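Visitor: Before I ask anything, here is the structure I am working with.
The values are calculated or read from the model by the stated rules, or taken from the named source; none is laboratory data. Given the structure is predicted, the values throughout are model-derived calculations rather than measurements. Note that we place each Cβ from the backbone using ideal geometry, even for glycine, and neighbour counts take in every protein chain shown. Side chains are part of the model used for accessible areas, which takes the heavy atoms of the whole protein and leaves out ligands, DNA and RNA. Shrake-Rupley method; radii C 1.70, N 1.55, O 1.52, S 1.80 Å.
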Amino acid sequence: MLVKKAFIPFLIVSAALLSACSSFQSLEPQEDTYIAIVQPASVALEETGAAVAPLGSYLGPADLSSEVQAFYATVDALAQDYGLAAENVTALGSLRAMVITGLTPARAEELAQDPRVYSLTRDRAVSALRGGPPSGGDDLEEQVVPWGIERIGATTTTAKGAGVAAYVVDTGIKVGHEDLGNYVSSDGFSVTDCRGSSCAAPWDDDNGHGTHVAGTIGAVDNDLGVIGVAPQVELYAVKVLNNNGSGSISGIITGIEWVIDHDNGGAPKVINMSLGGAGSDDQDGQYCPETRSTDAFHNVIQRAVCDYDITVVVAAGNEDADASTSTPAAYDEVITVSATTSDDDWPYWSNYGDDVDIAAPGVDILSTWNDGGYNTISGTSMATPHVTGAAAVVLSAHPDYSPAEVKAALLANAEDTSSWTNTSGNPHPEPFLNLRGF
């Protein structure tokens with residue numbers, strides 16, 4: 001049975017965007033969708049009994065590595081053995097993962113016990129982490145510097161993000177926005193296509209959230225609108241959330257596969273994920289352990305960070321809760337970001353806890369919007385792109401830095417917050433993002 005590698009559509013659950021202090025509101029994704037992590041090549045080859053798949057099976061290019069060939073051979077064998085139709089399987093070779101739809105609980109239990117399968121995870125819901133509705137745009141007659149950009153010292157840096165690629169894993173980015181001239185809008189990815197007559201590409205933004213995030217990361221210095229943290233970074237849209245800001249981990253995983261495989265000319269890669277869902281870290285306190293997580297979402301994040309050297313920056317969440325209850329915020333391999341106010345304080349709704357690495361501006365943040373204009377919104381979603389832009393600045397100056405080195409550089413230069421007034425009622429010992437000196 002031939003299993004396709006092409007990415008297939010899956011259900012994107014609908015839900016209202018989260019309020020600043022709410023819990024996750026997304027409806028559950030399809031219950032019959034699972035993500036399987038396939039065993040490494042040595043195990044897979046032993047179980048399939050062949051070094052490569054038979055002639056005619058889906059292998060892709062003939063020059064694939066033996067490990068990737070073994071992966072596709074295993075996927076083909078599993079599809080054959082479990083009667084999985086090609087349209088129900090998406091094979092993700094770089095992640096050694098497969099998204100399977102239409103799987104009954106009984107069949108899923110059998111598959112989970114198969115020695116060729118490292119782990120099997122049921123799909124889960126995720127949402128954009130924006131706090132409340134937009135508070136309105138500004139009539140910008142000339143370029144302004146948003147308060148957050150000024151506060152972290154982004155305008156003082158020598159490095160501006162040149163030679164670095166930032167991937168906005170979100171609702172898309174508005175094609176043709178006047179302030180996003182560094183957005184490579186002809187080259188993107190979409191799990192759920194943009195809806196509406198104004199969509200110029202499948203990864204165009206039909207919500208606004210992703211465009212706002214992109215502007216904070218890298219709105220260009222062009223005398224128009226606003227300026228981002230890293231105005232010379234290249235921006236790419238990876239649309240995994242629908243027009244309601246909702247999606248699932250299977251969609252995010254598919255998007256991460258695209259980022260890994262994407263040819264950007266060799267530029268260092270940074271992923272921004274201003275999104276999240278319920279969950280926890282099954283390997284708390286371990287960074288890139290030799291034995292990887294059995295949870296598909298965590299496993300994929302580990303593969304992106306630890307094996308492909310992609311820096312991943314994520315939102316802590318807006319639930320007024322410990323970030324250990326949210327994923328990907330809880331994972332040790334990412335940089336988890338809380339939100340602060342212009343008064344050097346934390347809003348009550350910003351998540352907290354040991355899993356939060358750094359704080360950044362996240363209240364009343366002015367940035368680009370998907371109507372071609374600008375808007376002011378709040379949330380840890382808005383804090384996260386400040387740190388993503390900062391990571392791009394670090395990589396612009398030090399393109400050989402690993403994700404761990406990027407994280408260490410940001411923390412080493414961060415501002416101590418022990419003297420801050422904290423009216424949130426929650427513990428926030430994390431330092432504040434500071435780019436002065438880069």
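Visitor: What are the residue pairs meeting all of these: first residue in the range 304-318, first residue in contact (Cβ under 8 Å) with a residue 40 or more places away in the chain, second residue surrounded by 24 or more Cβ atoms within 10 Å (Cβ to Cβ) and among the aromatic types (Phe, Trp, Tyr), Cβ atoms under 7 Å, and 6 or more apart or on different chains?
Guide: Filtered contacts from the range 304-318: ASN318/TRP349.
Visitor: Here's a follow-up. For the range 346-376, enumerate the residues that are part of a strand (DSSP E or B) and either surrounded by 24 or more Cβ atoms within 10 Å (Cβ to Cβ) or hydrophobic (A, V, I, L, M, F, W, C) (or both).
Guide: TYR352, ILE358, ALA359, ALA360, PRO361, ILE365, LEU366, SER367, THR368, TYR374
Visitor: Which of the residues that make up the range 292-318 are more than 20 Å from VAL356 (Cα to Cα) and either modelled with pLDDT under 95 or open to solvent by 10 Å² or more (accessible area, probe 1.4 Å) (or both)?
Guide: Listed by number, the residues that qualify are ARG292, THR294, ASP295, ARG303, ASP307, TYR308, ASP309.
Visitor: Scan the range 131-147 and give yes if some residue there is buried (at least 19 other Cβ atoms within 10 Å of the Cβ), modelled with pLDDT of 90 or more and within 25 Å of the chain's Cα centre (by Cα), otherwise no.
Guide: Yes, that holds for at least one residue.
Visitor: Can you list residue pairs whose Cβ atoms sit under 9 Å apart, with the first residue in the range 73-90 being of a type in the set (Asp, Glu) and the second being assigned to a helix (DSSP H, G or I) and open to solvent by 30 Å² or more (accessible area, probe 1.4 Å)? Count only pairs 6 or more apart in sequence or on different chains.
Guide: From the range 73-90, the pairs are ASP76/THR48.
Visitor: While we're looking at this one, here's another question. Determine whether VAL175 is modelled with pLDDT of 95 or more and within 23 Å of ILE377 (Cα to Cα).
Guide: Yes.
Visitor: Out of ASP205, ASP193, report the one residue that is out of contact with any strand residue (DSSP E or B) (no Cβ under 7 Å at 6 or more places or on another chain) and closer than 25 Å to GLU319 by Cβ.
Guide: ASP205
Visitor: Here are some conditions: (1) among the polar types (S, T, N, Q); (2) surrounded by 23 or more Cβ atoms within 10 Å (Cβ to Cβ); (3) more than 18 Å from ASN370 (Cβ to Cβ). ASN222 meets all but one. Which one does it not meet?
Guide: With (1) among the polar types (S, T, N, Q); (2) surrounded by 23 or more Cβ atoms within 10 Å (Cβ to Cβ); (3) more than 18 Å from ASN370 (Cβ to Cβ) applied to ASN222, the lone miss is (2).
Visitor: Can you pull out the residues in the range 263-291 that are without any contact (Cβ under 8 Å) to a residue 40 or more places away in the chain and either in contact with a strand residue (DSSP E or B) (Cβ under 8 Å, 6 or more places away or on another chain) or open to solvent by 20 Å² or more (accessible area, probe 1.4 Å) (or both)?
Guide: Within the range 263-291, ASP263, GLY265, GLY266, ASP282, GLU290, THR291 meet the criteria.
Visitor: Hey, among THR157, THR171, THR101, THR121, which residue is open to solvent by less than 40 Å² (accessible area, probe 1.4 Å), under 30 Å from ASP344 (Cα atoms) and more than 18 Å from the chain's Cα centre (by Cα)?
Guide: THR157
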